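The values are calculated or read from the model by the stated rules, or taken from the named source; none is laboratory data. Since the model is a prediction, treat every value here as computed from it, not as a measurement. Note: ideal-geometry Cβ built from the backbone for every residue, glycine included; neighbour counts use all protein chains shown.
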Amino acid sequence: MFDFKKFSDISPQWAPLLRYHRELISTSDEALRLCGESGKGGADRTVVLADHQLAGRGRRGAAWLSESGAGLLFSLIVKPDFSKEHWGKLALTAGLAIATVLREQWHLDAEVKWPNDVMIEDKKCCGILVETQQDYVVIGIGINVTGAPAGDDTVALRDLTPHGSSREELLSDLLDQLLNEVSSCAGRFDTQRSRLQEICYLTGKEITFLAAGVEYSGTMEGISPAGEILVSINGETLPFLQADTIRTI
């Protein structure tokens, strides 16, 4: 069970904003509900966290599975003060924040897999889902901390680091970095993009993916100034804002 007192001791600035639940259908569902009830700005920076989700979800409706207490499952509500045209970059900037913390504070070689995953040693440790309601953005995050779903493509932090596996410490480490990166994506995305390029998991890899129902294959070249994936296909570099079922060849 998440130790709220421990979290309060190490992160007193965030503790009053944390809404902790033993179990929820989904932290993002609860966060979206709070957005609808809050009025102007009332839910900004609220964090909804659960030990267990009955129906956690990822991008395109994929299920996010985690045993009770094994993951850090939370949703951060933000009310951006910049235009909605930049909101499409928020999953990437959240990934950058998480990878930065895991690299700099937990000493793990975390990489961002466009558009919304964090990878370590070719395995997924974190997924991100961004949803919106009126003037609010809900950033849902699931991180495998002490355990990961069965399979060869996922990994838990506990298996990789001598740092330990405290969910309270990790949440404290993440929140300031998340808020800083998300708040800066409109004015500083060029700088963020340069940092993303250095830890972009897919860069240089041969990939296949679906876009508008069409299957493509090519070489991932990087990320555009608009946050799109850039793929070299038959000698031409093309941007894609939406791409699904991305696989390396």
TODO: Filter region 6-38 for residues that are at pLDDT below 95 and either assigned to a loop (DSSP other than H, G, I, E, B) or surrounded by fewer than 13 Cβ atoms within 10 Å (Cβ to Cβ) (or both) and give the result.
DONE: R22, E23, I25, S26, G36, E37, S38
- [ ] Go through (1) closer than 15 Å to D173 by Cα; (2) in contact with a strand residue (DSSP E or B) (Cβ under 6 Å, 6 or more places away or on another chain) one by one and return the number of the condition A43 breaks.
- [x] (1)
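It is to be established whether one or more residues within region 236-245 are more than 19 Å from the chain's Cα centre (by Cα) and on the phi > 0 side of the Ramachandran plot.
Here is the first cut: in region 236-245, the residues more than 19 Å from the chain's Cα centre (by Cα) are 236-240.
Going one step further and asking which of them are on the phi > 0 side of the Ramachandran plot, we end up with none.
Among the residues of region 236-245, not one is more than 19 Å from the chain's Cα centre (by Cα) and on the phi > 0 side of the Ramachandran plot, which makes the answer no.
Of everything in region 85-111, what is farther than 17 Å from N180 by Cα and crowded, with 21+ Cβ neighbours inside 10 Å? Give them in sequence order.
Initially, region 85-111 is screened for residues farther than 17 Å from N180 by Cα, giving 85, 106-111.
A110, E111 - these are the residues of region 85-111 that are farther than 17 Å from N180 by Cα and crowded, with 21+ Cβ neighbours inside 10 Å.
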TODO: Can you work out which of the residues in region 61-88 that are aromatic (F, W, Y) and not in a helix (DSSP H, G or I) is modelled with the lowest pLDDT?
DONE: W64
- [ ] Search region 89-112 for residues being in a strand (DSSP E or B) and over 10 Å from the mean Cα position of the chain (by Cα), and hand back the single one that is nearest to C185 (Cα to Cα).
- [x] E111
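Might you let me know whether region 102-112 holds any residue that is under 30 Å from I233 (Cβ atoms) and small (G, A, S)? Let's see the steps before the verdict.
Let us first name the residues in region 102-112 that are under 30 Å from I233 (Cβ atoms), namely 109-112.
Narrowing the set further to residues that are small (G, A, S) leaves 110.
Yes.
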Open item on the list: Here is a check on your reading of the model: is L178 closer than 15 Å to A70 by Cα and not charged (D, E, K, R)?
Closed with: no
